[in-house]
Amino acid sequence: MTKVNLFTALRAAFPADLDQVAIETADTPQPLYYTWRDLDRGTAMIANLLASLQLPPMSRVAVQVEKSVEALMLYLAVLRAGHVYLPLNNAYQAAEVDYFVGNAEPAVVVCAGRHFGWVSTLAFQKGTKHVFTLDDDRSGSLLERAAQHGDQHEPVRRRSDDLAAILYTSGTTGRSKGAMLTHGNLLSNALVLKDYWGWKPGDVLVHALPIFHVHGLFVASHGALLNGSRMIWFSKFDPRAVIARLPEATVFMGVPTLYVRMLAEPALTQQACRGMRLFISGSAPLLLETFQDWQRRTGHTILERYGMSETVMLTSNPYEPASGRRGGTVGFPLPGVGVRVRDDKGLPLATGEIGGIEVKGPNVFKGYWRMPEKTADEFTNDLWFKTGDVGRIDADGYVTIVGRSKDLIISGGYNVYPAEIEGYLNDMPGVAESAVVGVPHPDFGEAVVAVVVAKPGAALDGKALIAGLKGQIANFKVPKAVFVVADLPRNAMGKVQKNLLREQHKGLFAG
Ligand code: MLC
Ligand code: AMP
């Protein structure tokens, strides 16, 4: 069991020579070079600013900003100051942010300068005392205020079961739940991955994922920081630009869409990948076709792993030997992580049989923020967490995910819960009812599609409904297509048969 503030552990891994470059930006107008000393001083100044606000211990700090090195420093500073980091996808719109702020009651909110008006209004209404701005050009009140503070700061002591972060993940009923992750959850997982993925001196990570979810914020950033490794930092994924930087790098992490988009670039060759040691994929199923195309084109075998906001990383294909990485599987339970498969009644299944995936380990979260009943529902009597994923474990121990019992769509690595979108559609004028499903999509893996029924006498137009949703909910949740129908297919019990809708629309984006 780890006993330290996660920041202290990451800080201890900084190289002895603090003047080496820790992060180099790849898509700012001019490249910016941040040394390890810059990270240490910058996080100290922000932590000192937070300390000067005299917040109660473990206050939530909610952050919705563009990706930047300073945004990463803010995350590290929140850990350092002993508070709880609450990252928000920057696609979230006012109604979504309003819910998160109302639910988490952050003491501090940090937002983009252009959103200060509406964010501060709703945050102050909910009792937040401090709203700062941070933009991706290093401007904003957060850094202005932090610059007035000293660059030395003693990290606040934290125990392993103290909260470090809250990550909101949507619920099946449409209301998001805040997964509470502790210093111990995050550090234990980062230490296991450092070893399992063979991080070594000289590694360089191309970081091109957003930093408001587990993959980019924890798996990628912690991996590099804990290894004292340099990062080549993209604020936004651009396949061509990323490929151009691969020759200087050794490690890359992405959701499957990133691999699909890079494969579409002629510049992706064995030569471009000559220095690479490891390509890792996760957050959504990697198609076997993508896995094989990548092998053929680059000579590298993608290592697929499986995780969740509630658990960080759970399973991984082996690092060695690369030939042990099996496409279509998510590999083995990580050291210290228990993975088992159960039937509907919670009974054990034989090897290879398909059932609900349950997990246990030091990485498994502490529960949902202020939702004890929901938390209890998601754990078995013997305290295994029910992932909502459906899969099997074969005789060699490989875990394969075959589906989900939770009604969830994963589009380009982002989760979309149909119930939430149906709620918004049903509230629109003229809509009697709706059903939202995920269908195969060549770029996003799955795409959100809605089927709606009009109220008697109302005339509905799919494009107008899409336009109406934009501005209300994050853009990645907006259906790519809306069909207006006379009736939704239902079974004898009156339940909408979403499988029939998925079948009917499965070819919509083919080719
Ligand atoms: C963008 N768009 C999407 C989308 N991303 N639509 C569906 N699904 C997505 N994921 C839409 C926008 O709404 C917009 O539509 C249009 O695409 C262009 O927007 P953009 O912002 O320019 O898109 P782009 O930069 O190309 O983003 C695509 C992407 C991004 C794949 C790079 O989605 C991304 O970074 N995904 C990674 C998500 C991630 O990190 N997940 C990890 C979760 S952690 P319009 O109509 O407005 O033009 C987790 C646990 C674990 O799951 O195991 O790791
Ligand atoms: P999130 O709530 O965003 O953390 O998403 C977690 C979910 O992503 C998991 O419950 C899985 O359904 C899915 N997921 C993550 N990694 C993989 C993977 N490698 N293959 C299939 N699904 C995955």
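Residue ranking by accessible heavy-atom surface, 1.4 Å probe, largest first, among Thr35, Thr121 comes out as Thr121, Thr35.
Separation of the alpha carbons by more than 29 angstrom is noted, of Lys360/Lys470; Lys67/Lys126; Lys177/Lys477, for Lys360/Lys470. Exactly which trypsin sites (Lys or Arg not before Pro) in the range 215-251 are in a DSSP loop and have at most 13 other Cβ atoms within 10 Å? Qualifying residues, ordered by number: Lys236. Would you list which lysines come within 18 Å of Lys345, measuring only between C-alpha atoms, while excluding same-chain residues fewer than 8 positions from it? Within the straight-line cut-off, Lys345 pairs with Lys386, Lys406. Taking all Cα pairs closer than 8 Å and separated by 6 or more residues, the relative contact order of the chain comes to 12 percent.
Heavy-atom accessible area with a 1.4 Å probe sorts Glu289, Glu24, Glu446, Glu66, largest first, into Glu289, Glu66, Glu446, Glu24. For the range 1-133, the solvent-accessible area of protein heavy atoms averages 36 Å² per residue (probe radius 1.4 Å; ligands and nucleic acids excluded).
Only helices enter the 222 nm calculation for the chain: every DSSP H run of n ≥ 4 contributes -39,500 (n - 2.57), and dividing by all residues gives -8000 deg cm²/dmol, rounded to 500. For the range 428-511, with all protein chains in place and a probe radius of 1.4 Å, 57% of the accessible heavy-atom surface sits on carbon or sulfur. Based on the alpha-carbon gyration tensor of the range 301-396 and its eigenvalue square roots a ≥ b ≥ c, which shape applies: rounded if a/c is under 1.5, prolate if not and a/b is larger than b/c, or oblate? Since a/c reaches 1.5 but b/c is at least a/b, the shape of the range 301-396 is classed as oblate.
For the range 17-98, a/c is not less than 1.5, where a ≥ b ≥ c are the root eigenvalues of the C-alpha gyration tensor, and a/b does not top b/c. That puts it in the oblate class.
In loop segments of the range 402-511 as defined by DSSP, the trypsin sites (Lys or Arg not before Pro) with at most 14 further C-beta atoms inside 10 Å of their C-beta are Lys495, Lys506. With a ≥ b ≥ c the root eigenvalues of the C-alpha gyration tensor of the range 411-511, is it rounded (a/c under 1.5), prolate (a/b larger than b/c) or oblate? Taking the square roots of the gyration eigenvalues as a ≥ b ≥ c, the range 411-511 is oblate. Of all beta bridges that DSSP places with both ends in the chain, some 60 percent have antiparallel geometry.
Please list, by residue number, every one of the GluC sites (Glu not before Pro) in the range 349-426 that is coil in DSSP and has at most 13 other beta-carbon atoms within 10 Å. Of the GluC sites (Glu not before Pro), the ones in loops of the range 349-426 whose Cβ has at most 13 other Cβ atoms within 10 Å are Glu353. Averaged over its residues, the range 365-511 has an accessible area of 49 Å² per residue, based on protein heavy atoms and a 1.4 Å probe.
The values are calculated or read from the model by the stated rules, or taken from the named source; none is laboratory data. No experiment lies behind these values; they were computed from the predicted model shown. Backbone-built Cβ (ideal geometry, glycine too); neighbour counts: all protein chains shown. Protein only, heavy atoms only, side chains kept; ligands, DNA and RNA dropped before computing areas. Shrake-Rupley method; radii C 1.70, N 1.55, O 1.52, S 1.80 Å.
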